[in-house]
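What follows draws every value from the coordinates through simple rules; no lab data is involved. Keep in mind that this is a model prediction, so the values were computed, not measured. Glycine gets a Cβ as well: all are built from the backbone with ideal geometry, and neighbour counts include every protein chain shown.
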Amino acid sequence: MYRIAVVTCSTRSPRLNPFVTQSVYDLLGSDHTDATFALLDLAEQSLPLYDEPAVPSQLPRDDPTPHYTHEHTQKWSATAKQFDAFIFVTPQYNWSVPASLKNALDYLYHEWSGKPAAVVTYGVRGGGRAGGHLRQILMGLRMNVAPTAPELVIDKKSMERSMPLGKMSPEDAERWEAAGLGVELGKVLQEILELLKEGKKPEY
Ligand SMILES: Cc1cc2nc3c(=O)[nH]c(=O)nc-3n(C[C@H](O)[C@H](O)[C@H](O)COP(=O)(O)O)c2cc1C
């Protein structure tokens, strides 16, 4: 069984990301013979802005965890190591990814490199610009990035209503499902499983 993390990437409060991640997680379903999914929330990792003295890619590849100087990094490393692949569900902040996501990615290297990653974005126009940046960052970490990258459009009026509550309405999730999100996520999962089974190193 491959373990796949479905990652909530924004950390402010209140926020909409947990709702979006949950919708993705629910649509991925639990009835798979070769994959299990787990929710992973960056807000629960309590990571300060990057504060390690070393460059993570220069630590020993086989076991970098004990070489981090801070407990929060060792914990984050041990958590990330448990997963074979990641689906990052992220909002767009000013045409890019939230700083919380870039920070959490920068902390580690060998825990990411060679593993498959997929990107799901959301925003008023679907968050595609954040998706483009994130794909570049993941490629820099030598992750195997899945080609299918669903973009979830949040209706502006619905967002204005939802943001102060930190809670979206079920209709938003129903609209995404009706627009084919379940089918797209099926493709994402297929791509991740193929990348896992091929076990090929990325060519960039
Ligand atoms: C700092 C900031 C920048 C944002 N920039 C964009 C943007 O460039 N494009 C967009 O569609 N929405 C943008 N938004 C709106 C977010 O998509 C919306 O607030 C969403 O709820 C953010 O996810 P979160 O609630 O989990 O933080 C921005 C929101 C914030 C807080």
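Quick notes
- Here VAL55 clears all of (1) surrounded by 12 or more Cβ atoms within 10 Å (Cβ to Cβ); (2) among the aliphatic types (A, V, I, L, M); (3) away from the ligand (no atom under 15 Å from the Cβ) except the condition numbered (1).
- Long-range neighbours under 9 Å by Cβ, at least six apart or interchain, first residue part of a strand (DSSP E or B) within the stretch 3-29, second among the polar types (S, T, N, Q) and within 14 Å of the ligand (Cβ to nearest atom): VAL6/THR21; VAL6/GLN22; VAL7/THR21; VAL7/THR90; THR8/ASN17; THR8/THR21; THR8/GLN22; THR8/THR90
- Close pairs (8 angstrom Cβ cut-off, 6 or more residues apart or separate chains): within 15 Å of GLY114 (Cβ to Cβ) in the stretch 53-66, surrounded by 15 or more Cβ atoms within 10 Å (Cβ to Cβ) and among the small types (Gly, Ala, Ser) anywhere: SER57/SER113; PRO64/SER77
- Yes/no for ALA118 being more than 16 Å from the ligand (Cβ to nearest atom), outside any loop (DSSP other than H, G, I, E, B) and buried (at least 23 other Cβ atoms within 10 Å of the Cβ): yes
- Residue-level analysis places LEU16 among those that are within 9 Å of the ligand (Cβ to nearest atom) and surrounded by 18 or more Cβ atoms within 10 Å (Cβ to Cβ).
- Restricting the stretch 150-164 to residues that are surrounded by 20 or more Cβ atoms within 10 Å (Cβ to Cβ) and part of a loop (DSSP other than H, G, I, E, B), the residue that is nearest to the ligand (Cβ to nearest atom) is ILE154.
- Candidates ALA149, ALA99, ALA173 - the one that is of a type in the set (A, V, I, L, M) and farther than 18 Å from LEU16 by Cβ: ALA149
- Checked against the criterion of being part of a loop (DSSP other than H, G, I, E, B), surrounded by 23 or more Cβ atoms within 10 Å (Cβ to Cβ) and touching a residue at least 40 places away in the same chain (Cβ under 8 Å), the candidates LEU108, LEU134, LEU101 yield just one match: LEU108.
- Counted residues, the stretch 111-131 - those being farther than 22 Å from SER23 by Cα and either in contact (Cβ under 8 Å) with a residue 60 or more places away in the chain or among the charged types (D, E, K, R) (or both): 3
- Within the stretch 122-146, restricting attention to residues that are within 13 Å of the chain's Cα centre (by Cα) and among the small types (Gly, Ala, Ser), the residue that is nearest to the ligand (Cβ to nearest atom) is ALA130.
- Taken across the stretch 164-182, residues that are within 18 Å of the chain's Cα centre (by Cα) and closer than 14 Å to PHE88 by Cβ do not occur at all.
- Flag for GLU203 being charged (D, E, K, R), away from the ligand (no atom under 16 Å from the Cβ) and without any contact (Cβ under 8 Å) to a residue 60 or more places away in the chain: yes
- Failed criterion for LEU196 (all others in (1) part of a helix (DSSP H, G or I); (2) out of contact with any Phe, Trp or Tyr (no Cβ under 6 Å at 6 or more places or on another chain) hold): (2)
- Looking only at residues in the stretch 30-52 that are hydrophobic (A, V, I, L, M, F, W, C) and part of a loop (DSSP other than H, G, I, E, B), the one that is nearest to TRP112 (Cα to Cα) is LEU47.
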